[in-house]
Amino acid sequence: MSDHDLDQAIHAPARLRIMVTLASLPDGDDLSFTRLQDLIGLTPGNLITHLRKLEDTGYITTHKNGAGVTGRTSVALTLGGRAALERYTAMLRELLDSAGPPVTGTRT
Amino acid sequence: MSDEADTRNVPESAEAVGMDAQGAAAIMQQAGARASTELRIRRPVLFVTWGLAVLIGYGAMWLSVRGQHPFKGPAGPTLLLALLLLMIAAIITAQIVDRAASGVGGRSEVQRGIFVLALLAGYAALLIEKIALVGAGVSRPIQVVLGVTAPMLVVGLVFVATSASTTGLNWPRLALGIWLLAVAAGASWAGPVTVLAVCALAGGGGVLLMAAIEPKLPRP
């Protein structure tokens, strides 16, 4: 098993940060685009690009309330996304166990 | 998305650079720690704030009624002090919750709304009941016993009723709710003077104790 076996939709620094951040919320919660951007530290354009990729794989959903400047976009992890992150974490743990010190667990 | 003006496709060159397993683990740890710090409501701080408010507020009132003959009730300045402490605690609570919950929607938002609504409805009902009792000529000692224990009963009930959620049981909230109900019910037997001391020490002290215990209890 190698790094290439990891889910490539998640295995990118920005997308991994997005997934872990959203997974820290309980099921049924979502996060506003601006708060997510603040936590991840990406430009809006970059964040949108990564969110679209994750949305295309079905790992997250985005929902827009309202329109124009008052509109609020919220982002949430899907059940499939949470399961994918758990699989990714387990595989990463196996990779690290076979190579060196174990990965510290994250709340998924 | 809310920032549609900036929808250009940014090349993923920076992201496409190979990330090894160790790097991924480090990112997961950092992102998880940051999300946990930023998005979690700092309950121990809230418990300390409210514990001190109850301890000092009720404690000051008890000092003012200790040895009163005949019983007239807490002195005006101590009532003002309690009101001031209540306002300070409410402001600190609002700031802490707002800092953590800003941008977080969904079920948690609904649960927070129900929690606040239940507390406000409970206090409104208590206020109306107290006005009715005063109007009916209820004695000052009974007014004090009810005025001290009834708000604690409301908080205890709301804590117990909102301790269960879809993500599990909020043990600190459930335990504190049951404790406050027990303190309020038990203190009612202590009379109009001692009720203040019991609620200050057992109520405020219990909340302060929870500040120390809560980080060690299982999370939902």
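The values are calculated or read from the model by the stated rules, or taken from the named source; none is laboratory data. Here the structure is a predicted model, which means the values were calculated and not measured. Using ideal geometry, Cβ is built from the backbone for each residue, glycine included, and neighbour counts are taken over all protein chains shown.
Just one residue in the set A:Pro101, A:Pro44, A:Pro26 is at pLDDT below 95 and under 26 Å from A:Ser2 (Cβ atoms); that residue is A:Pro101. Here A:Leu25, A:Leu31, A:Leu16 are screened, and the one residue that is closer than 30 Å to A:Ser98 by Cβ, out of contact with any Pro (no Cβ under 9 Å at 6 or more places or on another chain) and at the interface with chain B (Cβ under 7 Å from one of its Cβ atoms) is A:Leu16. Inside region B:77-119, residues that are outside any helix (DSSP H, G or I) and either out of contact with any helix residue (DSSP H, G or I) (no Cβ under 7 Å at 6 or more places or on another chain) or surrounded by fewer than 12 Cβ atoms within 10 Å (Cβ to Cβ) (or both) make up a count of 2.
When region B:109-119 is filtered for residues that are of a type outside the set (Val, Ile, Thr), farther than 24 Å from B:Leu52 by Cα and in contact (Cβ under 8 Å) with a residue 24 or more places away in the chain, only B:Gln111 remains. The condition of being within 30 Å of A:Gln37 (Cα to Cα) and of a type in the set (Gly, Ala, Ser) holds for only one of B:Ala60, B:Ala33, B:Ala75, that being B:Ala33. Determine, yes or no, whether B:Leu201 is of a type in the set (A, V, I, L, M, F, W, C), in contact (Cβ under 8 Å) with a residue 60 or more places away in the chain and surrounded by fewer than 20 Cβ atoms within 10 Å (Cβ to Cβ). It is true that B:Leu201 is of a type in the set (A, V, I, L, M, F, W, C), in contact (Cβ under 8 Å) with a residue 60 or more places away in the chain and surrounded by fewer than 20 Cβ atoms within 10 Å (Cβ to Cβ). Tallying residues that are facing chain B (nearest Cβ under 7 Å) and among the aliphatic types (A, V, I, L, M) within region A:34-71 yields 2.
Would you point out the residue of region A:7-54, among those that are among the acidic types (Asp, Glu) and not in a loop (DSSP other than H, G, I, E, B), that is surrounded by the fewest Cβ atoms within 10 Å (Cβ to Cβ)?
Taking region A:7-54 first, the residues among the acidic types (Asp, Glu) are A:7, A:27, A:29-30, A:38.
Checking the rest, the ones that are also not in a loop (DSSP other than H, G, I, E, B) come to A:29-30, A:38.
Details: A:Asp29: 22, A:Asp30: 24, A:Asp38: 14.
Checked region A:7-54; the qualifying residue surrounded by the fewest Cβ atoms within 10 Å (Cβ to Cβ) is A:Asp38.
Which residue out of B:Gly122, B:Gly156 is of a type outside the set (D, E, K, R), in contact with a Leu (Cβ under 6 Å, 6 or more places away or on another chain) and assigned to a helix (DSSP H, G or I)? Before you say what the answer is, go through the steps one by one.
Details: B:Gly122 fails: in contact with a Leu (Cβ under 6 Å, 6 or more places away or on another chain).
From the options B:Gly122, B:Gly156, the qualifying one is B:Gly156.
When B:Leu181 is tested against (1) in contact (Cβ under 8 Å) with a residue 60 or more places away in the chain; (2) in contact with a Phe, Trp or Tyr (Cβ under 9 Å, 6 or more places away or on another chain), only condition (1) is not met. Among the residues making up region A:17-54, those that are within 14 Å of A:Leu85 (Cα to Cα) and without any contact (Cβ under 8 Å) to a residue 40 or more places away in the chain are A:Arg17, A:Thr21.
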